[in-house]
Amino acid sequence: MDLDERIESVKSSSALKKYGKWIVIALIAVWGIMGYNGLVKAQEPIAEAWGNVQTEYQSRADKVEVISKIVKNAANFERKTLTDVIEARSKATSIQLDVNDLTPENMAKFEQAQSQLTGALSRLMVTVERYPELKATDAFRDFQAQYEGIENRIAKARRDFNEVIKPYNVKIKKFPKNLLAMAFGFSEKEYFKANEGSENAPKNIDLGFDE
């Protein structure tokens, strides 16, 4: 190697030492930005699926409000049963969670409240069987016809939600994405438990009409 080549080699080595750390920092920054954007993108389907879950539960709550008003006007109807439904609906609708709030504790409270409403509503539907004049109303018939479908749509929304959070949960657990997840506050989302759904809806309720 001649003198000029040695001089250039020394210059290149000095430049690398001088700017090397900035190059590394730049690469880390680019990786961080791309990783963050990837996590945001992975969370978007969860937000959409969670929105669908909330929509279906709210739809049920709206229907329950209607049937509660109908039942309230029935003569001598069991007030305890109706009160349980109204209170359960109030509790269920009071719990509003954002996609970033889906922790095990919050999801447990949400599921418990919804399950209580399911149980109270099921008991009301059974109790109504003893009130033929109430069953004969068009409003109740419409509700009864829609009830099983409401629970089925809720069950489907829950299944869809569980499916979309699985790849997200896997992504934020893997190294090195887990470092970015912790740094930017991306936490693991809680699954719905398989303890609620259309199987809780009363089937084949006899409306008391002759064929």
*asked:* Given the criteria at pLDDT 90 or above and surrounded by 15 or more Cβ atoms within 10 Å (Cβ to Cβ), does Ala181 qualify?
replied: no
*Quick one: is Val71 within 30 Å of Glu133 (Cβ to Cβ), in contact (Cβ under 8 Å) with a residue 40 or more places away in the chain and surrounded by fewer than 16 Cβ atoms within 10 Å (Cβ to Cβ)?*
no
*Check the range 160-172 and report whether any residue there is closer than 27 Å to Val66 by Cβ, in contact (Cβ under 8 Å) with a residue 12 or more places away in the chain and either surrounded by 12 or more Cβ atoms within 10 Å (Cβ to Cβ) or of a type in the set (D, E, K, R) (or both).*
yes
*Can you pull out the residues in the range 111-159 that are over 21 Å from the mean Cα position of the chain (by Cα), surrounded by 16 or more Cβ atoms within 10 Å (Cβ to Cβ) and among the β-branched types (Val, Ile, Thr)?*
Thr127, Val128
*Only residues that are more than 15 Å from Ile67 (Cβ to Cβ) and aromatic (Phe, Trp, Tyr): list them for the range 105-159, please.*
Phe110
*asked:* So, Ser187, is that one in contact (Cβ under 8 Å) with a residue 24 or more places away in the chain, farther than 12 Å from Arg60 by Cβ and in contact with an Asp or Glu (Cβ under 6 Å, 6 or more places away or on another chain) or not?
replied: no
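The values are calculated or read from the model by the stated rules, or taken from the named source; none is laboratory data. These figures come from a predicted structure and were not determined experimentally. In this analysis, Cβ positions are derived from the backbone assuming ideal geometry, glycine residues included, and neighbour counts consider all displayed protein chains.
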